[in-house]
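Below is one structure; the comments refer to it alone.
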Amino acid sequence: MKKGGFAGYVALILVTTLLQTCLVTAFLADAAPQPFATAYGFPGFSSMRHRSILRDEVAARLKELGNVSDSKHVLERTFLSPAAVAAGRLLITWMKDAGLRTWEDKLGNVHGRSDGANATAPALLLGSHLDTVIDAGRYDGALGIVTAIAAVKALKIEGKLQQFPRPIEIIAFSDEEGIRFQTTFLGSSAVAGTFQPKHLKNLDARGISIGAALRAASHEGTVESVSSMKYEPSSVWGYVELHIEQGPVLEAQGLPLGVVEAIAGQTRLAVKVRGSQGHAGTVPMSMRRDPMIAAAQSIVAIENICTHPEKAVAGSRGATAMATAVNHAGAIVCTVGEIHSWPGASNVIPGEVMFTIDVRSKDDTDREINVVRIESEIYKICKKRGVACIIERKHEADAVACAPKLSDMLNSAAVAAMKELPPFRNNISALEDGGMMAPTLVSGAGHDAMAMSLLTQV
């Protein structure tokens, strides 16, 4: 392949899909979706004609945005950091280039909007987040913003942006990851009207509150200012977010696009196990109350519970049905991502061990059942080993089902987009022969769509 190669084709597919989805959702034909070029007012349109925007420019901009970082060594762009502010300014430049009116709201979200042919119609919202984790991938969040801008730019070049029958608004959310203040979805929750005022008092590692950080960035940082950001549900038609899968399922199938049917619910636990601190050489094994051993046994138990969640419901809902559900793309997953010991010396039996547990499932009932199993098993292990344990629930988020009509439209757009490109035609034909469309996935990762689902269909 020429410039851009395989990655360039994937970028082109992603934007083409989003572009087609914009057109399909704008006209909302109740009939089965038709090829967009003729059915949705875009005769003769070819995404390949706009490859300089939809492929090359997207790839170049993702690389440029990926270099905007607070660290010289890895990609790091947290809420209201210097790099996040610089990224926002860069996105505003690109949004203006696409023909959008731009502004930054009172929580640092960056907006670009075209009113189309009817400024008062409910708007189609597109976007994702501009912040990152520490040592991030360049596509996480940025992909959904940059491709949306490219899709709208293509509409502008074709002379269709001002004719679009509803407003299109792209939002680059300022904080989805929650790295700096340990609170996720700050930007999107404010737009959805679910921002919790108490979060303004949350402190970062340097003791700076969210309110103070906002004021330092020339925002008001008050409860009133953030509350005023809420969008009215009647003003929004729907929200579409394009995101990297962050998993191996599509790659294993040899396909670049899938359609998300649900976003998994999440429970985050913090566990403290307290025993008896002692010298590594002077305390006999039989006399130890070692919290590290209890923690290790608990972690193995967690893996077993989440590998075999059907055991929890064998007597109620039935093991077979449950096993089928949880084995679909790993619908229940559990992770111990952090573990610390005190005092943390190689020659000291620790006095305390802390670890975290992350449990996710698209079924909130199944998730709760297995969280209770995990809690019960940890308490049993601690009691047996003579150590104390405290389990705190730090975060709960219900699963979000995606809108079936939007998902159907995305499915049709994804297949149409993949058909345009030689590398994937054979795989698409195989799918169609089997009576399938693009793969459907459960997103185990949380996204701004979770917060936006409380405002509109996603």
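Annotations for the structure displayed:
- Positive-end residue, segment 140-215 charge dipole about Cα centroid, Cβ charges, pick of 144, 179, 202: 202
- Overall, the anisotropy analysis places segment 176-285 in the oblate class: the square-rooted eigenvalues a ≥ b ≥ c of its C-alpha gyration tensor yield a/c not less than 1.5, with a/b not exceeding b/c.
- Cα gyration tensor, segment 153-217 - rounded (a/c under 1.5), prolate or oblate: prolate
- Label-point gap, in nm, between residue 182 and residue 396 - each point 7 angstrom along Cα→Cβ: 1.9 nm
- A full extension of the chain between residue 308 and residue 280 corresponds to an added length of 6.5 nm, given 0.36 nm per residue minus the alpha carbon distance.
- Per-residue ³J(HN,Hα) for segment 367-381, Karplus 6.51 cos²θ - 1.76 cosθ + 1.60, θ = phi - 60°, Hz, x for Gly and Pro: 4, 5, 4, 7, 5, 4, 4, 4, 4, 4, 5, 5, 4, 4, 5
- Two-site FRET efficiency, residue 253 against residue 158, from Cβ-Cβ distance with R₀ of 35 Å, rounded to 0.05: 0.60
- Contact order normalised by residue count of segment 166-217, Cα under 8 Å, 6+ apart, percent: 23 percent
- The protection proxy used here, the mean number of other Cβ atoms lying within 10 Å of each residue, ranks peptides 365-374, 344-353, 146-155, 121-130 as follows, highest first: 146-155, 121-130, 365-374, 344-353.
- Rounded to the nearest Hz, the phi-derived 3J(HN,Hα) couplings of segment 140-154 under the Karplus curve 6.51 cos²θ - 1.76 cosθ + 1.60 (θ = phi - 60°) are 5, x, 4, 4, x, 7, 5, 5, 5, 4, 5, 4, 5, 4, 5, where x marks glycine and proline.
- Percentage relative contact order, segment 170-268, counting C-alpha pairs under 8 Å, at least six apart: 17 percent
- Pairs from the list 201/230; 362/405; 160/419; 311/405; 201/394 with a Cα-Cα gap above 25 Å: 311/405.
- Residue 103 paired with residue 230, simple spin-label distance in nm, labels 7 Å along Cα-to-beta-carbon: 1.9 nm
- Per-peptide packing, taken as the mean over residues of other Cβ atoms within 10 Å, places 333-340, 443-450 in the sequence 443-450, 333-340 from highest down.
- For the set 94, 237, 342, 103, the ranking by accessible area, highest first and with no ligand, DNA or RNA atoms included, is 342, 103, 237, 94 under a 1.4 Å probe.
- Evaluating 6.51 cos²θ - 1.76 cosθ + 1.60 at θ = phi - 60° for every residue in segment 447-456, the Karplus couplings come out as 9, 4, 4, 4, 5, 5, 5, 7, 9, 7 Hz, glycine and proline recorded as x.
- Distance in nm between pseudo-label sites at residue 287 and residue 342 (7 Å out along the Cβ direction from Cα): 2.4 nm
- For the pair segment 100-146 / segment 219-277, the C-alpha centres are spaced 15 Å from each other.
The values are calculated or read from the model by the stated rules, or taken from the named source; none is laboratory data. Predicted model, so just to flag it, every value in this text is computed and none were measured. So basically every Cβ, Gly included, is an ideal-geometry build from the backbone, and we count neighbours across all protein chains shown. These accessible areas exclude ligands, DNA and RNA; they are computed on the full protein's heavy atoms, side chains included. Shrake-Rupley method; radii C 1.70, N 1.55, O 1.52, S 1.80 Å.
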